[in-house]
Structure formats: C-alpha cells, structure tokens
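The structure appears right after this line, and notes come after that.
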Amino acid sequence: MSLGACAGETRTVMPHPELTPGARANLELARVQQIALHDYGVLNPDEFAGVAPDPGRRLIYVGTRAGTLLALSMETGEVVWEQQFPGAISSVPKLAADGELMLLGTDNGDLLAIELDTRKTRWSYSTLGTIRNEPLVRGGTVFVVNSRDQVFALELTTGAWRWQYEQPYPTEFTVHGHAGLSFLEAEVTQAPDQAASASGISAEAVLGEGGAAEDEEAETSGDAPAEGDDAAVAGIGAPSGAGTAPPVTSAAPAGGAAAPGAAPAGGAAAPVAGAPAGKSGEAAKAAGNGSTGGPSSPSSPPSGTIFTGFSNGKVAAIGAQSGEPMWLANAAPPAGGDFVDADGTPLILTDRGEVVVTGQSTGVYGLALSDGLQRWYRPLRGAGSVAAGPRGLMIVASALEGVFALEHGGRVRWRQQLNPGFVQTPLIVGDIAFIAHSDDGLLAYDVETGEFLANLNTGSGISGPPVYDGELGRFYTMSNRGMLVVFRTVEDDARGFVRGAVESVPWVR
C-alpha cells in the first residue's frame, strides 16, 4: 500500500510485493487535497491538528497552524465554511454529545466553544499555555489541560470556571507534547493500609523496585530483533541500574490535604490566573477566568476521577468534582534532570484495576487505580501514550526504541525499530496498529505478530494524530505540508482489513 510523490516522482513502499496473506491492511485512497498554504520559509513544517468527523452534518472539521478552522464536505472536500482565529490550531476539535457545540483549543491558550449551527463563539476561556490535547466532556463539564501543567474544569454551556489543578512547571528542558486526560466514572478509593499510612506526617512511600517484566524472558516475532528485547529486560536506559525499575513514589494526601505542589486543602485547587488570592467559587470565576457567557449552571461536575501526567514526571489522580488530588505518583528518575516528562495520556484498565502511564526517561508503569502503587514496570526510553489493543495487548511507540506490543505485566510480545522522528499515539483499528511518523508518514503493523504491513509516505511526514471514523469506515490524516489525506477501508468478514491495490499519494512541493 502506499505512496508519496514529489514533482512527478512516485515513491512506493511495498513490504509484501507479492500480496502475501500476511498483508491484511488496506486503505483505498479516497481524496487528497491541499487545505493549508505552503510555508516556504519553514524547512521542516509540521501540522499537529487532527480531524473531527461530523456524520450528522456530513462535514469534517480541521484546523491549521495558520489559525484557520475549516469545515469540509465529507463527500467532495469542498470548503463549506471557514473561520480565522488568533494563534495556530494544533488540536483535534471535540464535538459535545448534543452535537451543538465544538470545543477547540489553540496555541494561544484559548479554549473556544463554537456553536455549529450559527458558527458563533459562545464562550472562550484563556489560559497561560497552549492547548493541543482534546478536551474531555462529561455531563455538563468540560475538562482541559494545557502545556503549563494546568488542568481546568469548566461549565460546558457557559465556560464558567469550576476548579483548577496544577503542578509546578519545571525550569529544565522538557519534551514536546503533554499528557491528555483520562476519566474513570468511579472515584478511586484507597486501600485500608494505604489510608492508614496517609494519616502520618509524611504520606510518601517508595514503591517496589522492579517488576514482573524484568524476571521474564521477552518474546519476539516478525522482524523484531531479539537482542533489542533482551536489552530492555536488562534495564537499558533505566537510571537506577540494570534490571531495576526507577522508584516511583506515590503520595496520598493526608487527612484531606493536598499533595505538595497541588491544590490547597479544603476546596478547589489553585485559583484561576488573575483571581485575587483567597477567592474561590463564584468570586474566582468573576475575578478573571477569561470566559464569556451567561451565569454558571447550578449543576456540579460529575463524580469520578481524572488521570493525567505532568512535565515534572508526576502522575495524578484528581477528583472530578473537587479538583483535589487523590494520589500522586512520580515517573521521573530519582536523580531528576532534563526530559523527565510524564507525557503519555494514562490508559485505564478497569478490569485489572490499573492505570498505565509512561515516563520519558524511565519507561512504562502499571499503577494501581486505588493508590498509585507500582504493580509492574517496563524500561523504555522516550515512550509515548500507550494504546489498548485486542486480547489484552498494549501498543506503545518510542522515537528512540521503536514500536512495542506489551502483554500485561510489561512483558514484550514484539518490537519493531523506527527511524528517528516524532511519533504519535498508536491508533488501533481491529487487528492493525497505525502510527503517524513525522518523517515516514503512516505506518501499519499487525497487532498480534508485529508484522510490518504498509507505509503511507505523504512526502512530508505526519505529525498530527490519524483519526478513524468507524461509522463511515474512513481514515483522516494531515501531512506536515498541509495536505488532507482521506482513505476508505476495505474489510472482509472473515479477516478484517484486507489488502488491495497499491495507491499513490501525489505531493506538490
């Protein structure tokens, strides 16, 4: 499958030139169109925005680094309407459940609520950092995180401030990107022994060193080199020594007080920027939350727990109603340093009572939902967000060490090496894992075996997240030079995705 073309030259990557039965991924090219103007002053441009399908209106929405939001016809790609905003749009638009509002983050730090029928901005909320992660909507509340390690809860219909939680922003070098938000419908509850330990002066505890992953021999298949997995098992890249997991500390707030650097005890987290000290509730909202709209709704945020990571390596479980931390864990190496970020969006495994998180300098951790205590660990430098696959497998990509399929407990099923570059969170559809690469385009792997199925090379790479619309069976992705590429999936009842004819993607320099 696939290809890029430059000035009449076509490049095709065919991992299975004889169409062997192993090549099961097929994306038929539906449309390619230029939607963002070329920036000839930029050597290596990038487009981080993703596409939001709206099947009800037969539209797709996508933003650009020039600050333009476009609504395109699903069938023809025709521009139905467009709006210009200050600041680049490097996020994925989020449609509220009622289909009336679109939530859109900008690099200027604004969260916008746009009425899709009138195309008017109902409200906007200003923050101090860029907003590139998709907002999380539950009931009448929208939760959003920005690049300054701030988490906000806002009233959906008006944008009124409800609470705010933040971690100290590090002064050291950090990795590009930030963890998104994950939501658990229930509130986490501490185990009896953890609750007892939290009653002391210090609630911090050093979690276990090592885990099941270090004691088992990893399996490899496909083209995965066995020596790479042996190196991972031996603890390559683990600052605390071979075969030893960097200690992950967990802090349970004692007596209801907030953990260090978190929300103050007895109410909402740190007041919104611009709000006078000591003000909370309606006073804080009126003191400078940057929102516009009517009075706040009397409804309260939903019960549940929000999980996210921060640039200082901390991972937090935050009460969705109060904004107070339930527990804190630390995925940074003990010695600290640069690039200690916990930038992976947490993966919640409710059936196992675990949340899977990553540290850029350490690896992948399985933590208990109830208290953040470490259950297992897999050393892996540069790990991004972990995606859940079929049959309990987890797929994670690292720009430094490649693509991994992990079993529960961190055992490696397979590994495939990647070229250097920025990689997005894996998108798993059926038995296929699709990974966007900033230089190589879209890569496809068999989830079960690691077999390299195909490579869509757009000519300029893909930095934004690929999006799949299951209702229409279409993939959407944006190339780094502003080209929207749309595919149709071809499926077989017995085998899922099947391979068809090779497609070429034209690229105009």
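The alpha carbons of the range 319-471 stretch over 45, 37, 31 Å along the principal axes, in descending order. For Val80, the residues whose amide H sits under 5 Å from its own are Ala71, Leu72, Ser73, ignoring neighbours fewer than 5 places away on the same chain, with H placed 1.01 Å from N. Using a probe of 1.4 Å, the accessible surface attributed to Arg148 totals some 100 Å² when neighbouring protein chains are kept in position. Heavy-atom accessible area with a 1.4 Å probe sorts Asp351, Asp46, Asp439, largest first, into Asp351, Asp439, Asp46.
In this structure, the amide hydrogen of Leu380, modeled 1.01 Å from its nitrogen in the peptide plane, lies closer than 5 angstrom to those of Gly363, Val364, counting only residues at least 5 positions away or on a different chain. Note on Tyr169: accessible area is roughly 90 Å² with a 1.4 Å probe, heavy atoms of protein only. With each label modelled as a point 7 angstrom along the Cα→C-beta vector, the Arg391-Arg31 pair spans 3.7 nm. With all protein chains in place and ligands, DNA and RNA left out, the 1.4 Å accessible area ranks Ser126, Ser479 as Ser126, Ser479, largest first. Calculated over the range 373-445, the projected area of the Cα convex hull averaged across directions stands at 4.7 nm². For Thr141, the residues whose amide H sits under 5 Å from its own are Leu156, ignoring neighbours fewer than 5 places away on the same chain, with H placed 1.01 Å from N.
For the range 96-107, putting each phi into the Karplus relation 6.51 cos²θ - 1.76 cosθ + 1.60 with θ = phi - 60° gives couplings of 5, 4, 6, x, 8, 10, 10, 9, 9, x, 10, 6 Hz, in residue order, rounded to whole numbers and with x for Gly and Pro. For the peptides 390-399, 324-333, 28-37, 422-431, residues were scored by their other Cβ atoms within 10 Å and the scores averaged per peptide; the highest-first order is 324-333, 422-431, 390-399, 28-37. Between Glu187 and Leu472, the modelled labels are 4.2 nm apart [label points 7 Å from Cα along Cα→Cβ]. Figure note: Asp110, Asp117 ranked by solvent-accessible area, largest first, 1.4 Å probe, ligands and nucleic acids not counted: Asp117, Asp110.
The values are calculated or read from the model by the stated rules, or taken from the named source; none is laboratory data. Since this is a predicted model, take the numbers as computed values, not measurements. Neighbour counts are summed over all protein chains in view; Cβ atoms, including those assigned to glycine, are modelled from backbone coordinates with ideal geometry. In case anyone asks, the SASA skips ligands and DNA or RNA and just uses the protein heavy atoms, side chains included. Shrake-Rupley method; radii C 1.70, N 1.55, O 1.52, S 1.80 Å.
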